[in-house]
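Read the structure below first, then the notes.
The values are calculated or read from the model by the stated rules, or taken from the named source; none is laboratory data. Quantities reported herein were computed from a predicted structural model and do not represent experimental measurements. All Cβ positions, even for glycine, are placed from backbone atoms using ideal geometry, and neighbour counts span all protein chains on display.
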Amino acid sequence: MQRILQPKGEIILAIIDKSSEFGRKYEMEKFSNKFYQDTHFHSTEELTAILQQSGFQNFQYWQTLTSLNENEIEKPEKGYGQGSFVVIKSNKV
(Lines give C-alpha, C1' and ligand atoms only; values in the text may rest on other atoms or scores of the structure.)
Protein backbone atom coordinates (compact mmCIF):
# COMPACT_ATOMS: atom_id res chain seq x y z
CA MET A 1 0.00 0.00 0.00
CA GLN A 2 2.79 2.40 0.90
CA ARG A 3 4.53 1.75 -2.41
CA ILE A 4 1.56 2.35 -4.71
CA LEU A 5 -0.13 5.28 -2.95
CA GLN A 6 0.84 8.80 -3.89
CA PRO A 7 1.91 11.17 -1.08
CA LYS A 8 -1.12 12.09 1.03
CA GLY A 9 -3.03 9.20 -0.57
CA GLU A 10 -5.71 7.62 1.60
CA ILE A 11 -6.24 4.04 2.68
CA ILE A 12 -9.49 2.68 4.07
CA LEU A 13 -9.60 -0.70 5.81
CA ALA A 14 -12.76 -2.44 7.03
CA ILE A 15 -12.27 -5.20 9.58
CA ILE A 16 -13.90 -7.38 12.18
CA ASP A 17 -11.79 -6.43 15.22
CA LYS A 18 -10.40 -9.61 16.79
CA SER A 19 -10.82 -8.17 20.30
CA SER A 20 -14.54 -7.53 19.75
CA GLU A 21 -17.50 -9.80 20.51
CA PHE A 22 -17.86 -10.90 16.87
CA GLY A 23 -14.09 -11.21 16.49
CA ARG A 24 -13.83 -13.58 19.45
CA LYS A 25 -16.90 -15.52 18.24
CA TYR A 26 -15.55 -15.92 14.70
CA GLU A 27 -12.08 -16.81 15.97
CA MET A 28 -13.53 -19.67 18.07
CA GLU A 29 -15.68 -20.92 15.20
CA LYS A 30 -13.28 -20.40 12.32
CA PHE A 31 -11.99 -23.97 12.01
CA SER A 32 -15.52 -25.28 11.51
CA ASN A 33 -16.55 -22.45 9.17
CA LYS A 34 -15.57 -22.68 5.50
CA PHE A 35 -15.68 -18.87 5.14
CA TYR A 36 -13.37 -18.08 8.07
CA GLN A 37 -11.14 -21.15 8.40
CA ASP A 38 -8.15 -19.47 6.73
CA THR A 39 -8.78 -16.01 8.17
CA HIS A 40 -6.30 -14.23 10.42
CA PHE A 41 -8.10 -11.61 12.47
CA HIS A 42 -6.31 -8.46 13.66
CA SER A 43 -7.19 -5.91 16.30
CA THR A 44 -7.61 -2.24 15.47
CA GLU A 45 -4.52 -1.49 17.58
CA GLU A 46 -2.40 -4.03 15.66
CA LEU A 47 -3.37 -2.61 12.28
CA THR A 48 -2.87 0.96 13.47
CA ALA A 49 0.64 0.08 14.67
CA ILE A 50 1.49 -1.62 11.36
CA LEU A 51 0.23 1.36 9.39
CA GLN A 52 2.14 3.83 11.61
CA GLN A 53 5.35 1.86 11.11
CA SER A 54 4.72 2.05 7.36
CA GLY A 55 4.44 5.83 7.44
CA PHE A 56 0.69 6.39 7.67
CA GLN A 57 -0.82 9.09 9.88
CA ASN A 58 -4.04 11.06 10.57
CA PHE A 59 -6.11 8.06 11.66
CA GLN A 60 -9.89 8.15 11.75
CA TYR A 61 -12.08 5.32 13.03
CA TRP A 62 -15.76 4.39 12.74
CA GLN A 63 -17.47 1.41 14.33
CA THR A 64 -20.74 -0.47 14.29
CA LEU A 65 -22.09 -3.87 15.42
CA THR A 66 -21.89 -3.02 19.11
CA SER A 67 -24.00 -6.06 20.07
CA LEU A 68 -24.41 -9.62 18.86
CA ASN A 69 -27.96 -8.83 17.71
CA GLU A 70 -27.49 -9.44 13.99
CA ASN A 71 -31.04 -8.29 13.20
CA GLU A 72 -30.51 -4.74 14.44
CA ILE A 73 -29.30 -2.04 12.04
CA GLU A 74 -26.94 0.40 13.76
CA LYS A 75 -25.59 3.72 12.58
CA PRO A 76 -21.78 3.89 12.57
CA GLU A 77 -20.20 5.83 15.44
CA LYS A 78 -16.80 7.53 15.50
CA GLY A 79 -14.04 5.70 17.32
CA TYR A 80 -13.43 2.05 18.11
CA GLY A 81 -13.52 -0.22 21.12
CA GLN A 82 -17.23 -0.98 21.39
CA GLY A 83 -18.06 -2.11 17.85
CA SER A 84 -17.07 -5.34 16.14
CA PHE A 85 -16.94 -3.86 12.64
CA VAL A 86 -14.32 -1.10 12.40
CA VAL A 87 -13.34 1.13 9.50
CA ILE A 88 -9.86 2.68 9.63
CA LYS A 89 -8.94 5.61 7.41
CA SER A 90 -5.41 6.98 7.20
CA ASN A 91 -3.13 9.06 4.97
CA LYS A 92 0.30 8.28 3.57
CA VAL A 93 2.91 10.79 4.71
(message) Can you report the number of residues in the range 13-66 which are small (Gly, Ala, Ser), closer than 20 Å to Ser90 by Cα and either surrounded by fewer than 16 Cβ atoms within 10 Å (Cβ to Cβ) or in contact with a Phe, Trp or Tyr (Cβ under 8 Å, 6 or more places away or on another chain) (or both)?
(response) 4
(request) For residues that are out of contact with any strand residue (DSSP E or B) (no Cβ under 7 Å at 6 or more places or on another chain) and at pLDDT 95 or above, scanning just the range 29-45, find the one that is farthest from Ser84 (Cα to Cα). (result) Glu45
(request) Go through the range 72-84 and give me each residue that's out of contact with any Asp or Glu (no Cβ under 8 Å at 6 or more places or on another chain) and within 15 Å of Arg24 (Cβ to Cβ). (result) Gly81, Gln82
(request) Return the total of residues in the range 28-49 being of a type in the set (S, T, N, Q) and not in a helix (DSSP H, G or I). (result) 4
(request) Out of the residues in the range 50-66 that are outside any strand (DSSP E or B) and without any contact (Cβ under 8 Å) to a residue 40 or more places away in the chain, state the one that is nearest to Lys8 (Cα to Cα). (result) Gln52
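Given the criteria part of a helix (DSSP H, G or I) and among the aromatic types (Phe, Trp, Tyr), does Phe22 qualify?
Working: part of a helix (DSSP H, G or I): yes; among the aromatic types (Phe, Trp, Tyr): yes.
When the stated conditions are applied, Phe22 passes them.
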(request) Taking the residues in the range 67-93 that are part of a strand (DSSP E or B) and in contact with a Gly (Cβ under 8 Å, 6 or more places away or on another chain) as candidates, determine which candidate is surrounded by the most Cβ atoms within 10 Å (Cβ to Cβ). (result) Lys92
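Let's see how each residue does on (1) over 15 Å from the mean Cα position of the chain (by Cα); (2) more than 18 Å from Tyr80 (Cα to Cα):
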residue: Met1; (1), (2): yes, yes
residue: Gln6; (1), (2): yes, yes
residue: Lys18; (1), (2): no, no
residue: Phe22; (1), (2): no, no
residue: Glu27; (1), (2): no, yes
residue: Leu47; (1), (2): no, no
residue: Ile50; (1), (2): no, no
residue: Gln53; (1), (2): yes, yes
